[in-house]
Each structure stands twice: as structure tokens, then as C-alpha cells.
Amino acid sequence: MSEVPKRVIALVDCNNFYVSCERVFDPRLRNRPVVVLSNNDGCAVSRSQEAKDLGIKMGAPWFQIKHFERSHGLVARSSNIEKWQRVMKVQASDWGIRKMKTKWGSCNTTSRRLWLNLELAKKPPQCVEYIVVHELVHLLERHHNDRFIALMNQFLPPWGQYRTMLNKSPLEQESWEY
């Protein structure tokens with residue numbers, strides 16, 4: 001008699017997986033429309049059933065669905081912000097995406113709120129990651145001083161390369177290619 005190889009087979013329902021994970025850690029998201037945005041915070045890569053019921057399609061660009069934030073209470077989660085908050089052991093109270101004319105991001109250290117420029121959705125993911133880390137570092141060190149630079153080096157060693165890449169590109173561009 002031959003030995004049957006030991007295998008484990010699992011049936012996993014990955015529908016809404018990232019949203020489901022967010023709801024485990026934040027129960028306030030239950031029964032609300034929720035999307036998780038892509039690495040560059042440009043497109044919805046996971047949608048709750050409530051978000052699907054609003055007609056939000058997979059891959060929908062954030063700028064096209066942002067209006068649901070006010071009209072239907074849509075909550076967007078950033079895969080980058082959540083990841084880096086855990087790594088850096090820092091917590092922003094809130095974050096948002098908006099069109100900014102002169103900056104890639106901003107951080108209000110008093111309210112602990114982050115803003116990311118909508119145009120970052122057109123940039124390489126490592127540039128978005130750089131801005132997220134940069135703004136979160138401001139929650140640890142308000143000013144661009146030696147301590148700030150040391151924290152950037154600690155959390156994202158190639159940050160200087162990403163900053164150069166980002167600063168060589170226009171703040172606003174029509175092309176979505178990089």
C-alpha cells in the first residue's frame with residue numbers, strides 16, 4: 001500500500017480580503033462602504049459589499065469615487081499608510097487625498113492629520129512610499145533637522161533617491177506612465 005502524501009487544501013474566500021482585514025482591526029468599518037487603495041493610493045483594489053453596491057468598480061481611480069466620501073460615508077484605507085504606521089509605531093489620526101498645487105504631502109502635527117497630493121497616483125509606488133514615510137516622520141520630528149534625516153534613514157534608507165526621482169518629475173502631469 002502506498003503512502004498518501006499529506007496535503008492541506010483550503011478553500012479561501014478572498015472576496016473583499018483587504019477590507020475584511022481592515023474591519024478586523026477597526027470594527028467601526030462594519031456596515032460602511034470601504035475601499036482599500038493600491039500601493040500608490042490611486043485605485044481601489046478591494047471593496048466592501050457596501051462599496052460595490054454604490055457601483056464602485058475594481059480599479060476605480062480614487063479621484064472618480066472620492067465624492068462618495070461625503071455623500072455615502074465611503075472610507076478609504078491606504079495600504080501604505082497602514083503598513084508604515086505599524087513599522088514606525090506612530091499613528092495619524094486621519095489622512096486624506098486632495099489636489100495640491102505646490103506640495104506632494106503635508107502633515108498637521110497638532111491634529112496628526114496627513115494629506116497626500118492626488119497627483120502621487122501617477123508616480124512610481126516608491127515615490128508614494130517616500131511621501132508617506134516623510135509625512136509620518138513629521139509626527140516624530142516636526143522640523144527638517146538632523147533628527148528628521150536620521151529617522152528617514154532609519155525607516156527608508158533609499159529615501160534620497162526617491163525624493164530626487166519625484167522632484168525631477170512635474171507636480172502635475174497628464175501622462176499616467178512612468
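Please give the per residue accessible area of the chain, computed with a probe of 1.4 Å over protein heavy atoms only, in Å². Intermediate results must be reported in sequence, preceding the final value.
On the way: 10940 Å² over 178 residues.
Ligands and nucleic acids excluded, the result is 61 Å² per residue.
Counting residues in region 46-86 as N, plug N into 2.2 N^0.38 Å and put the Cα Rg over that result.
Numbers: Rg = 11.1 Å, N = 41, 2.2 N^0.38 = 9.0 Å.
Compared with the compact-globule rule of thumb, region 46-86 sits at 1.23.
Could you pull out the pairs from K6/K57; K52/K168; K66/K168; K57/K168; K52/K83 whose alpha carbons sit more than 31 Å apart here?
Working: K6/K57 40 Å; K52/K168 38 Å; K66/K168 28 Å; K57/K168 33 Å; K52/K83 25 Å.
Check vs 31 Å cut-off fails for K6/K57; K52/K168; K57/K168.
Among S106, S79, Q91, pick out the residue whose Cα is farthest towards the positive end of the charge dipole of region 72-118, where Lys and Arg carry +1 and Asp and Glu carry -1 on C-beta, about the Cα centre.
Comparing the listed Cα positions along the dipole, S106 ranks first.
Find the percent of Cα-Cα distances in region 101-160 that exceed 19 Å, and round it to a whole number.
Working: 499 of 1770 pairs.
The share of Cα pairs beyond 19 Å in region 101-160 comes to 28 percent.
Å³ per residue of the Cα convex hull, for the chain? Please list the in-between numbers first.
Working: hull volume 33.3 nm³, N = 178.
It is 187 Å³ per residue.
Using the alpha carbons of region 52-150, what is the convex hull volume per residue in cubic angstrom, as a whole number? Provide the component values of the computation, followed by the final result.
On the way: hull volume 11.9 nm³, N = 99.
Once divided by residue count, the hull of region 52-150 is 120 Å³.
Between Q154 and K101, take the C-beta separation as r, use R0 = 30 Å, and let me know the FRET efficiency to the nearest 0.05.
0.45
Could you please state how large a percent of the accessible area of the chain is carbon and sulfur, counting protein chains only and using a 1.4 Å probe? Intermediate results must be reported in sequence, preceding the final value.
On the way: 5750 of 10940 Å².
Carbon plus sulfur share of accessible area: 53 percent.
Report, in degrees rounded to the nearest 10, the 0 to 90 angle that the Cα long axis of helix 125-137 makes with the longest principal axis of the chain.
The angle comes out at about 70 degrees.
Amide H to amide H, which residues 5 or more places from G105 or on other chains are under 5 Å from it, using H placed in the peptide plane?
Under 5 Å from the amide H of G105: N117.
The values are calculated or read from the model by the stated rules, or taken from the named source; none is laboratory data. All values derive from a computational prediction rather than experimental measurement. Every residue, glycine among them, receives a Cβ derived from its backbone with ideal geometry; neighbour counts consider all protein chains shown. Note: accessible area is taken over every heavy atom of the protein model, side chains too, but ligands, DNA and RNA are not part of it. Shrake-Rupley method; radii C 1.70, N 1.55, O 1.52, S 1.80 Å.
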